[in-house]
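The values are calculated or read from the model by the stated rules, or taken from the named source; none is laboratory data. The model shown is predicted, which means the values in this text are computed figures rather than measured ones. FYI the Cβ positions are ideal-geometry reconstructions off the backbone, even for glycines, and counts take in every protein chain you see.
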Amino acid sequence: MTQTSPRPGPASPSGGDWAAQAADKVEQVVATLHEKTTAPILKGARGAVWGVLATFLIIIAVVLLYTAMFRALDSYLPWGVWAAHLIFGVVFTVGGVLIGQRGRVREDESA
């Protein structure tokens, strides 16, 4: 058996290993593409997930706060549960009217 030595590849101008240089260049291009495309998409997706989670938790907190306030009013008012319903009804009605007034557009401003 004769042992043959591997044939050398084409010589590069810099004299280094051209296969390693090509692999390094491919790796550099892939890293740049990842940095420019995939990384911003991942950041946006993370932001969207955290935003949905925060919104969900805020809605739960508001509902629990409303329930706690209603139960506290019901416990401390001597007239019964109708008084708590009346107070919350008035507060939400006044709040809705005020928000509705702010949202109305005057005719002279819309033109």
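Among all residue pairs at least 6 apart or on different chains, which show Cβ distances below 6 Å where the first residue, located in region 42-55, is of a type in the set (Phe, Trp, Tyr) and the second is at pLDDT below 95 and not in a helix (DSSP H, G or I)?
Every condition considered, no pair remains.
Looking at region 25-39, I want the residues that are free of Cβ contacts under 8 Å to residues at least 40 places away in the same chain and have a partner that is β-branched (Val, Ile, Thr) and surrounded by 10 or more Cβ atoms within 10 Å (Cβ to Cβ) with Cβ atoms under 9 Å, at least 6 apart or on another chain. Which pairs are those?
none
So in region 98-111, with the set limited to residues that are in a helix (DSSP H, G or I) and over 19 Å from residue 66 (Cβ atoms), which one is modelled with the lowest pLDDT?
Within region 98-111, the match that is modelled with the lowest pLDDT is 110.
Looking at residue 93 and the list (1) at pLDDT 90 or above; (2) of a type in the set (Ser, Thr, Tyr); (3) loosely packed, with under 10 Cβ neighbours inside 10 Å, which single condition is not satisfied?
(3)
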